[in-house]
Amino acid sequence: MPSARHSRTVTRLQPFGSTIFAEMTALATSTGAINLGQGFPDTDGPRAMLDVARAAIADGLNQYPPGPGMPVLREAIAADRAARYGLAHDPDTEVLVTVGATEAISATLLGLVEPGQEVVLIEPYYDSYAAAVALAGGVRRTVPLVADGDGFALDLDALRAAVGPDTRMLVVNTPHNPTGTVLTDDELAAVADLAIAHDLLVLSDEVYEHLVFDGRRHTPLASLPGMAERTITVSSAAKTFAVTGWKTGWVCGPAELVDAVRTAKQFMSFVAGGPFQPAVAYALRHEQDWVVALRESLQRKRDVLSAALTEAGFGVRSSGGTYFVCADITPFGTTDGLTFCRSLPERVGVAAVPVSVFADHKEPWNHMVRFAFCKRDEVLAEAAERLHGLSGS
């Protein structure tokens, strides 16, 4: 019998065992810690949206929906992007509903990247990106975010240097998980210029598109000159409407690219969940005030948690969007974020995740940990009280 844990796993997937989220959530559960590691809210989305889903189940909408997604949802997605960003998408050929954004990302890479072609990621990166590149047989290249004041900026020189004759795709995520960075217009323009100059495809992960703070506005990469024809945009209902368990995502882009994504997606899950699709369509058309209130609430929660982390002794980095804020653990006399996070639930009853697990080049990120602030006010208040105990532990 083989003794190695991954001995039966294909070689390209052996680096991707249990995720850091599973490990830290298990630690939080076993210790009774407050889980600020995994990015899911602890409140539900708009009630009217939930009622539409309940009605869909009660009315028998429980069998396979159409493979590309229900027309009502694809039309709502196209209408939302047209109204918000001035981007025109044919809902029949340029919008595809997926089982969450993670499937959308995997299907995009499987459908558009040949084995041996290079995919450039910005690190730290959401952990599914690297696994999806491996599934596609692609070659992963990474470029870093770098320190910029109290936040981070894209290393444009490194990005330009990473692109070569074998590069097929850039993967861009803004607002950015795990750092909360929102790329500037200048940074996005530089990405666009590079993609156009080298005739690259771009996968733009915009799942936090509505959760940007401090008066910032989200700019879709596809809205920049020359980018609509080469960009697949991924988003979802999960973060926008606080329904991470619904796994309802989508891709938008030119028909020939979306068709390639559809070809891969149909053999992964075939279809997304039926009863949730009319509910998400309803929310896209009727719940924008709720989204504004959510964004304002999250900005306030970010400020509360950032202040608590600062008072506890962390070096807090700015977060312009998402559910997350990153903090430097160097003031506690260590730069080992993984060990720090593994000990934190037992020490003070709070769980976080080390940023280094989201990077190939770990050393620049070893001292950073990520906390999620998408929790109820009373949960954040209790977490703040517990974190203050670090100074005496």
Region 314-330 - residue that is of a type in the set (A, V, I, L, M, F, W, C) and farther than 13 Å from residue 373 by Cα and, of those, surrounded by the fewest Cβ atoms within 10 Å (Cβ to Cβ): 316
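Conditions (1) surrounded by fewer than 23 Cβ atoms within 10 Å (Cβ to Cβ); (2) in contact (Cβ under 8 Å) with a residue 12 or more places away in the chain; (3) within 21 Å of residue 281 (Cβ to Cβ), marked per residue:
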position: 83; (1), (2), (3): yes, no, yes
position: 87; (1), (2), (3): yes, yes, yes
position: 92; (1), (2), (3): yes, yes, yes
position: 104; (1), (2), (3): no, yes, yes
position: 113; (1), (2), (3): no, yes, no
Any hit, region 108-130, residues being among the hydroxyl-bearing types (Ser, Thr, Tyr) and farther than 24 Å from residue 362 by Cα: yes
Number of the exception - residue 125 against (1) touching a residue at least 40 places away in the same chain (Cβ under 8 Å); (2) outside any loop (DSSP other than H, G, I, E, B); (3) within 13 Å of residue 176 (Cα to Cα): (2)
Some residue of region 42-57 being more than 30 Å from residue 377 (Cα to Cα) and not in a helix (DSSP H, G or I): no
Condition check for residue 78: assigned to a helix (DSSP H, G or I) and within 16 Å of residue 232 (Cα to Cα): yes
Hey, residue 207 open to solvent by 10 Å² or more (accessible area, probe 1.4 Å), touching a strand residue (DSSP E or B) at 6+ places or on another chain (Cβ under 7 Å) and of a type outside the set (Asp, Glu) or not: yes
Condition check for residue 18: open to solvent by 70 Å² or more (accessible area, probe 1.4 Å) and either modelled with pLDDT of 90 or more or small (Gly, Ala, Ser) (or both): yes
From 45, 32, 60, 37, residue being open to solvent by 30 Å² or more (accessible area, probe 1.4 Å) and within 30 Å of residue 358 (Cα to Cα): 32
Residues (in contact with a strand residue (DSSP E or B) (Cβ under 8 Å, 6 or more places away or on another chain), in a helix (DSSP H, G or I) and open to solvent by less than 10 Å² (accessible area, probe 1.4 Å)) located in region 366-393: 383, 387
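The values are calculated or read from the model by the stated rules, or taken from the named source; none is laboratory data. Keep in mind that this is a model prediction, so the values were computed, not measured. Note that each Cβ is placed from the backbone with ideal geometry, even for glycine, and that neighbours are counted across all protein chains shown. Areas reflect the complete protein model, heavy atoms only, side chains present, ligands, DNA and RNA absent. Shrake-Rupley method; radii C 1.70, N 1.55, O 1.52, S 1.80 Å.
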